[in-house]
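The values are calculated or read from the model by the stated rules, or taken from the named source; none is laboratory data. Here the structure is a predicted model, which is why all the values come from computation and not from measurement. Using ideal geometry, Cβ is built from the backbone for each residue, glycine included, and neighbour counts are taken over all protein chains shown.
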Amino acid sequence: MAFTGKTALVTGAAQGIGEAVVRALAARGARVAAVDSNAKRLGEVVAEMQASGQRVEPFSADVTNSEAVDATVDRIEREHGPIDFLVNVAGVLHVGPIEALRDEDWERTFAVNARGVFYLCRAVARHMVPRRSGAIVTVGSNAARTPRMHMSAYAASKAAVAMFTQCLGLELAKHGIRCNVVSPGSTDTPMQRSLWKDGSGAQAVIDGAPAAFKVGIPLQRIAEPADVADAVLFLLSDQARHITMHDLCIDGGATLGV
């Protein structure tokens, strides 16, 4: 999969899966516009990559602000575009029982995980449609497929964004633009590690938790961010030119193929 001469916009680029996608695209020749609200961490990642000759530029932006999103997309189009690929990775997680979930927790989760994806897709699609080309991948979660204890806001927001991306794919198909979802399971990221209580957190995830009605991971391993990035790049590439509106689960079998 070569992406030389192509421009990609990746959100949530400062760490975890987003950072892995940025690194994978840049390593294969793409120009990458790396977007994140954590300007400090983003700057560190980009500076390291630029020092090795990779074509990556940082853009600090809040994906929950529609005006900021529009301005950022227009700037990328003007200075680095046209945008060939959009990868939506930015996300937040709030955990806890529903009766204790605060209004602001629910609203912030949907603002980043769902509304931010809508803003980015709308802004980028406005540029892609006249060109009749492009590919969009949204990173969802296998939690959108299976109920999770204490993850109601996160799971609901990921279910919403998965359906939105598939609807987007249906509308944009006539313009030659493909839209797909990648749904990771437990992946070794800062978000995942924040859920671990001790050094045995990874093994606990692999083993599952019957009391929480959660099966383990049949492949007996936690995913690496690069595992998810590989799936994203496949769906962006010409190798997936006849795939759209698909939701590809990358969870080692944790949702038992659902």
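Scanning the stretch 51-59 for any residue that is surrounded by 15 or more Cβ atoms within 10 Å (Cβ to Cβ), among the aliphatic types (A, V, I, L, M), touching a residue at least 12 places away in the same chain (Cβ under 8 Å) and within 28 Å of Ala2 (Cα to Cα) turns up at least one such residue.
The residues of the stretch 226-258 that are farther than 21 Å from Cys179 by Cα, crowded, with 20+ Cβ neighbours inside 10 Å and not hydrophobic (A, V, I, L, M, F, W, C) amount to a single one, Gly252.
One line per residue, one yes/no per condition, for (1) under 21 Å from Gly18 (Cα atoms); (2) among the charged types (D, E, K, R); (3) within 17 Å of the chain's Cα centre (by Cα):
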| site | (1), (2), (3) |
| --- | --- |
| Ala144 | yes, no, yes |
| Ser200 | no, no, no |
| Gly208 | no, no, no |
| Val215 | no, no, no |
| Arg221 | yes, yes, no |
| Val232 | yes, no, yes |
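When Val95, Val63 are screened for being of a type in the set (A, V, I, L, M, F, W, C) and modelled with pLDDT of 95 or more, only Val63 passes. Residues in the stretch 1-27 that are surrounded by 15 or more Cβ atoms within 10 Å (Cβ to Cβ) and not hydrophobic (A, V, I, L, M, F, W, C): Lys6, Thr7, Thr11, Gly12, Gln15, Gly16, Gly18, Glu19, Arg23. Among the residues of the stretch 99-123, which ones are over 11 Å from Asn88 (Cα atoms), part of a helix (DSSP H, G or I), touching a residue at least 24 places away in the same chain (Cβ under 8 Å) and not charged (D, E, K, R)? Across the stretch 99-123, the qualifying residues are Trp106, Thr109, Phe110, Ala111, Ala123.
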